[in-house]
There are 4 protein chains.
Amino acid sequence: MLYFTCIVSISAQNRVGQNGTHRIILPNLPDYKTLKCDFHIHTVFSDGLVWPSIRVDEALRCGLDAIALTDHIEYLPFKNDINTGHNKSYEIADEYAKGKNLIVIPGTEITRGMPPGHFNALFIKDADKLVTNDVMEALKEAHAQGAFVFWDHPAWPAQCPSGEAKLFDIHKELLKRGYIQGIEIANGEANTYSDESFDIMLKYGLTPMCNSDIHGLGEWEWNKLGHRPVTLVFTKEKSSESIKEALIAGRTVVYYKNYLIGKEELLKSLFQSSLIVEAHYSFNQTIATLKMQNNSDVNYLCENRGTYSFLSNPYFFSIPAQSTLIILVKTSDRLNSFDLDLLVHNLVIAPGKGTMVKLHVQPQDQK
Amino acid sequence: MLYFTCIVSISAQNRVGQNGTHRIILPNLPDYKTLKCDFHIHTVFSDGLVWPSIRVDEALRCGLDAIALTDHIEYLPFKNDINTGHNKSYEIADEYAKGKNLIVIPGTEITRGMPPGHFNALFIKDADKLVTNDVMEALKEAHAQGAFVFWDHPAWPAQCPSGEAKLFDIHKELLKRGYIQGIEIANGEANTYSDESFDIMLKYGLTPMCNSDIHGLGEWEWNKLGHRPVTLVFTKEKSSESIKEALIAGRTVVYYKNYLIGKEELLKSLFQSSLIVEAHYSFNQTIATLKMQNNSDVNYLCENRGTYSFLSNPYFFSIPAQSTLIILVKTSDRLNSFDLDLLVHNLVIAPGKGTMVKLHVQPQDQK
Amino acid sequence: MLYFTCIVSISAQNRVGQNGTHRIILPNLPDYKTLKCDFHIHTVFSDGLVWPSIRVDEALRCGLDAIALTDHIEYLPFKNDINTGHNKSYEIADEYAKGKNLIVIPGTEITRGMPPGHFNALFIKDADKLVTNDVMEALKEAHAQGAFVFWDHPAWPAQCPSGEAKLFDIHKELLKRGYIQGIEIANGEANTYSDESFDIMLKYGLTPMCNSDIHGLGEWEWNKLGHRPVTLVFTKEKSSESIKEALIAGRTVVYYKNYLIGKEELLKSLFQSSLIVEAHYSFNQTIATLKMQNNSDVNYLCENRGTYSFLSNPYFFSIPAQSTLIILVKTSDRLNSFDLDLLVHNLVIAPGKGTMVKLHVQPQDQK
Amino acid sequence: MLYFTCIVSISAQNRVGQNGTHRIILPNLPDYKTLKCDFHIHTVFSDGLVWPSIRVDEALRCGLDAIALTDHIEYLPFKNDINTGHNKSYEIADEYAKGKNLIVIPGTEITRGMPPGHFNALFIKDADKLVTNDVMEALKEAHAQGAFVFWDHPAWPAQCPSGEAKLFDIHKELLKRGYIQGIEIANGEANTYSDESFDIMLKYGLTPMCNSDIHGLGEWEWNKLGHRPVTLVFTKEKSSESIKEALIAGRTVVYYKNYLIGKEELLKSLFQSSLIVEAHYSFNQTIATLKMQNNSDVNYLCENRGTYSFLSNPYFFSIPAQSTLIILVKTSDRLNSFDLDLLVHNLVIAPGKGTMVKLHVQPQDQK
């Protein structure tokens, strides 16, 4: 692993694929718990390749807090062998998850050609009632059941050959009616992130979502992505109700391939919560030795945009996951405190746009 | 290791510290060989801690092409035990290196307080003749012997407590006389990179240098830096004469902590030579699948500044060392060719300034 | 990894759990192909947790040559959801495996309390016809269909609380009638090896078997065992017929937790086929430098029982998997050839009994 | 890494070559501290390739408790450059080690052709006084200075082309006079272990020794051997005096390439001290689940020679270094306690002879 600048200690190994585990470690925020959630998952009850209980174990190995099994309503390639209704995968998983500290949220996938494409409905009461030819009726029913609905992978090339997500009239109608509240900015199975989905999210105030959409085995998929793609949900407590509240309030962040994507204040808070920062001056020098201990799984990519240049390295650096980075900052004077102004490129707040973060540093004199 | 976007295959493991080897792999350029050189090394003949032959073996393990042992003239802490002249470490190493495909260049370090600090003289004929109280005389003698002289670690905190390298009058005089031809932008032992040294280099047309300045064991030092710090010298052939010609011509690049620092055209050429780029369109889509195989040890940090956005990931990505990265590029049409405009942040051409690179892509239709 | 004695080069990394693969590499024999087979596997069509196609992909990742999906006839916990007959998992896997160079053999598991316990029937024509209350009838029908039948995990603690496998009268009757031809010496899911099963195999001339009996995900199970437990089948060609012929002929070896268990001549041949042996004498010495390159995944555990002692190490050594070991042999004279007499402890030919192997060495004089 | 039987957890990685460290971890005994010592080391003051201070740092990285720098008296290839007496390397190292918790013992190597070969003298008062043509005089002087003297690598092929160590008349005379108290059974630099040296040690009641004899860099040598070869010295406290007392009393064990060689009671105690053993019975079974947590760096190679056979694996198994092994023991009844009788092959008490160890197990009923 080549780091940009001097590493003091590497306290954690890469967890991807090691001992078959993909555990995700990210900090809580000062005001919220950070729940790792995957709301788009398939089982043998539609076109997935595992029994629902495997999805529970897989989630536990990833350290997730909540999942929704969202088997297709309309696409059932195994129906000659399995055809016992659209609520079964939820019921099996929910039963299996009892006592395991994992929340299972009822859900399903309404699966149509484009437009309007695919939609996941969470917190539904009865998936069987969503069976109807008219997609508008299906979404109306979901809405009536109190569902939180999000648009799946709008840029999925199988339905969007340009990869450029776009709104059709039916989407505008659905948005107008309040039938869609979220949108997948990124999706693991489709290997798809989309600037245009991001723009739609921003324009319509939708909740940003990212899910694995796993059909096969996570073990075989997620090494390629670096980690399981998940939606981070920021809640007051770990409960189904709190998750629903946060989804409706739009308090989520996309965690996809080492990017964090979403609202600026949440990204800043995640970044600050990931780091323990210490600094000191040595001897008669005006060079601050800055230690940044990154306790998260995210490798932060930082561009120095501030006043002070570094003695340890040029203007660009990364703070590797689960590592401690030392940077030497030239401050010309021995300051009681100073700010680093960093453009963090993998905290993405809009297409093509990273986040400016101010890192406040209070150096100690060396004993 | 967390990557930014989908990795097809990782053909090489991190070599740092594995089986005790630190072999550096970087491509040749179309017009030049890329020689990996370390021109600042110490042995027991001044204040280093190993016999000269170890430095030869160490260099061979790192895959270096040339070294200079540059023991201090003035600082000899072991002189009560070892005091047989300033040419001995070179003579021993040169003899030991015979038949081993490593060039050993005679050198020494003229070691004074600041100003003017320390200077390395390469290609000297007799180091003993540089023994004099007057530093100007020492450098004049080096010049007379046909030496290539560079200023060592101008920002070394022990001599520069602000870490901000600066020119004193004596440096201006030395530059005027042509006694200094190069400058260390970065130095391993001092853990020092300097924007100000970089500015001096640019302003005075000096040759950029980077060396390990190793005193102890490389095995114990270089893991912390990611690799051995070296000066890349671009030559027509692997010979002492060619290296001298290239150093005088300023045809070098600093390779330090995964940064490449130097002249724009050399950095661009290194980047292009590191990559094998292939692309194709699938089916009826206008999305190009772009494969970038990085055959170098450098993890390239790229910001997309061009017209086309990506389906696989947001605008920022890295091309990990010795890996193949796949990126999906949305081109709206099926194009015969297109350019990616990348700002590569670890190809540093001036303080705070990366390199804009145009990557030309010619997609094939998929069979 | 701590080796016993000097390692020249390690040509292969541990493959277990790396990049999600468990590929098994073992040599062919001079006269036979070595087919890696797993004849005891479950899917959602009984109490397994994955769709049959996952079992095909799992086998391909392990480098297997043949599998049998052997869902229980009598134990169907998911029958409320899936209940379309006992041949379905075979049919789905066979279809999915087309063109993938993996043989899928029809099979099933006859599942009764002890006695007589569980039996796998391979090469059956119609599993549905084995549905009957009378276990003797079920095995008679399997026999009539031309099945190869083996007794599963006779020492499984759930049915054998002492872990000491034993023959009941019904087993003797089954053996007498020729209804049982093989026996599992070891079984992955049951974490069970049994000396008593081994004794029964030897006494009755049964074919030794070892299978994963996987119900969940192999990725989550096999790291703990070191590798996927398999039956090695030695055939003239890679075909279903050849496998059947070899099973009936008893030409198999158990590969379980780095042990090879079975007939002496097969074990010796596997050992010899795994190694490339070279030796030379140096200078005026009578010490042979012996290089043993082990191209298999098996770490061979060897006790020196011969005339010559070693200069590199005491009498016991291992030849690590995918590695080259160098041993210095003191032969008193410079011999044209000599034999090492080794007791290889993980080539197990009877309970508590390793295999004596003669390694013939022909040293060359060093140039 | 292929293990023999089910591994619960691997609490430690291989430390060899990782981050440039070779730290050795072995347990203390109930009655003694286990001091890791290397009494045969070279520096630039004879034919070694590093300054004495590097030997101190190297030892600290290996976790050693004591070293002796034993530069040759008679072989001084660098004497044209370094020639300031035979006590200098000790003096430099001793000064450098102050405050670093490493004992530096004065020593030297008396270096003659065979017979009698090479001898290391420890705890000497003045190495310069050992300079004499007559080797008997040199050893007499060492003896007079109160030295502990051991015979180095008697089987070293450069002096013993058969690799079969043997006593010449002069050795018998030296033994008779009490001038030799120890003997190297194994030596790292010479890559030499010797059954014959072992026999001499046993016959004459000498202290078994094993040292690195390092000349170059340990980092480049010890990966090949698995770990740094050392002499384990069992003392009441960590002091120079205690080491001398233990050496004279013969209370040492050779630690070489994962073998422990020496007196039976010390080997048994090391083995028992390395392990934490727990066991329980499950449910209605008579199978004890035996957990063996190995907190040492030694991979113990065990042959089951007792009454009880295993359900988890055949008769031979290893207890990997820094790992926990689970074995299922069939005890026929639920016993309050039982003994495992193990032949541990890498606890070597005589040429070709491992150690019989009784492991006492007290199973708990499972809650």
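What to note about this one:
- For segment A:290-365, the spread of Cα coordinates along the three principal axes comes to 39, 24, 20 Å, biggest extent given first.
- Solvent-accessible heavy-atom area per residue, rounded to whole Å², over chain A at 1.4 Å: 34 Å²
- Solvent exposure, largest accessible area first (probe 1.4 Å, DNA, RNA and ligands not counted), of D:I41, C:I25: C:I25, D:I41
- Principal axis dimensions, largest first and in whole angstrom, of the protein assembly as shown by Cα: 96, 77, 54
- Excluding exposed DSSP-loop chymotrypsin sites (Phe, Trp or Tyr not before Pro) (at most 13 other C-beta within 10 Å), longest clean stretch of chain D: D:1-167
- Computed FRET value (nearest 0.05) for D:R305 with A:K358, which takes r as the C-beta separation and R₀ as 56 Å: 0.20
- Whole-Hz Karplus values for segment A:35-50 come out as 8, 8, 10, 10, 10, 8, 8, 10, 9, 4, 6, 9, 10, x, 10, 9 Hz, taken residue by residue from phi with 6.51 cos²θ - 1.76 cosθ + 1.60 and θ = phi - 60°; glycine and proline positions read x.
- Taken about its Cα centre, chain A carries a charge dipole of roughly 1040 debye when the Cβ of each Lys and Arg holds +1 and the Cβ of each Asp and Glu holds -1.
- Radius, Kirkwood style, for segment C:112-198 when every pair of distinct Cα atoms is counted (Å): 13.2 Å
- Gain in span if fully extended, B:R177 to B:Y204, counting 0.36 nm per residue against the direct Cα distance: 8.5 nm
- Dimensions (Å) - segment D:177-224, Cα atoms, principal axes, largest first: 38, 21, 11
- Residues of segment B:57-77 whose accessible area (probe 1.4 Å, heavy atoms of protein chains only) drops by at least 40 Å² once all protein chains are present, relative to their chain alone: B:R61.
- If you run the Gaussian network model on chain A, springs between alpha carbon atoms under 10 Å, then out of A:N83, A:N284, A:N336 the most flexible one is A:N284.
- Chain D, Rg to Rh (Cα coordinates; Rh as Kirkwood inverse mean 1/r): 1.03
- Segment D:69-128 - Kirkwood radius from inverse mean 1/r over Cα pairs (Å): 12.4 Å
- Taking Cα centre as origin and charging only the Cβ of basic (Lys, Arg, +1) and acidic (Asp, Glu, -1) residues, the dipole magnitude of the protein assembly as shown rounds to 0 debye.
- Estimated FRET transfer efficiency when R0 is 35 angstrom, pair C:N28-D:N28 (beta carbons, to 0.05): 0.10
- Accessible surface of B:L60, taken over heavy atoms with a 1.4 Å probe and every protein chain present, rounds to 50 Å².
- Compared with the rule-of-thumb size 2.2 N^0.38 Å for a compact globular protein, segment A:14-150 has a Cα radius of gyration ratio of 1.11.
- For q = 0.14, 0.18, 0.22 Å⁻¹, Debye-computed log10 I/I(0) when each Cα of segment B:159-255 counts as one equal scatterer: -0.60, -0.93, -1.19
- Segment C:211-234 and segment B:33-65 have Cα centres lying 49 Å from one another.
- Within chain C, the selection of entire DSSP H helices by a Cα span of 24 Å or greater along the long axis and an average Kyte-Doolittle value of at least 1.0 returns an empty list.
- For segment A:323-357, the residues whose amide N sits under 19 Å from a probe point set 7 Å from the Cα of A:D365 along the beta carbon direction are A:331-338.
- Selected from A:N80, A:N28, A:N101 as most flexible by GNM, with chain A as the system and alpha-carbon contacts under 10 Å: A:N80
- Nm distances between copies for A:Q272, ranked from closest, using label points 7 Å along Cα→Cβ: 4.6, 5.9, 7.4
- Over 26 Å apart at the Cα level, from the set A:K79/C:K98; A:K203/A:K224; B:K33/B:K98; A:K263/A:K358; D:K203/D:K268; B:K36/B:K98, are A:K203/A:K224.
- Evaluated at q = 0.09, 0.11, 0.14, 0.19 Å⁻¹: base-10 log I(q)/I(0), Debye formula over Cα of segment B:232-367: -0.31, -0.45, -0.68, -1.06
- Sulfur and carbon atoms: percent of accessible area, segment C:233-367 [1.4 Å]: 46 percent
- Solvent-accessible area buried by B and A, counting both chains, probe 1.4 angstrom, square angstrom: 4600 Å²
- For chain C, built as a Gaussian network whose Cα springs stay under 10 Å, the top-fluctuating residue of C:L69, C:L232, C:L26: C:L26
- With Rh defined as the Kirkwood radius, the inverse of the mean 1/r over Cα pairs, the Rg/Rh of segment B:46-94 is 0.98.
- Where only DSSP H runs of four or more residues are counted, chain D gives -6000 deg cm²/dmol as its mean residue ellipticity at 222 nm, each run worth -39500 (n - 2.57).
- The accessible-area loss of segment D:322-355 on complex formation, taken against its chain alone with a 1.4 Å probe, reaches 10 Å² or more at D:L328, D:K330, D:S332, D:H345, D:V348, D:G352.
- Förster radius 56 Å - calculated FRET efficiency between B:I276 and C:E74, Cβ distance, rounded to 0.05: 0.45
- Over segment C:220-282, the pair-distance histogram of Cα-Cα distances with 10 Å bins from zero comes to 19, 37, 30, 10, 4, 0 percent, rounded to whole numbers.
The values are calculated or read from the model by the stated rules, or taken from the named source; none is laboratory data. No experiment lies behind these values; they were computed from the predicted model shown. So basically every Cβ, Gly included, is an ideal-geometry build from the backbone, and we count neighbours across all protein chains shown. For accessibility, only protein heavy atoms count, side chains too; no ligands or nucleic acids. Shrake-Rupley method; radii C 1.70, N 1.55, O 1.52, S 1.80 Å.
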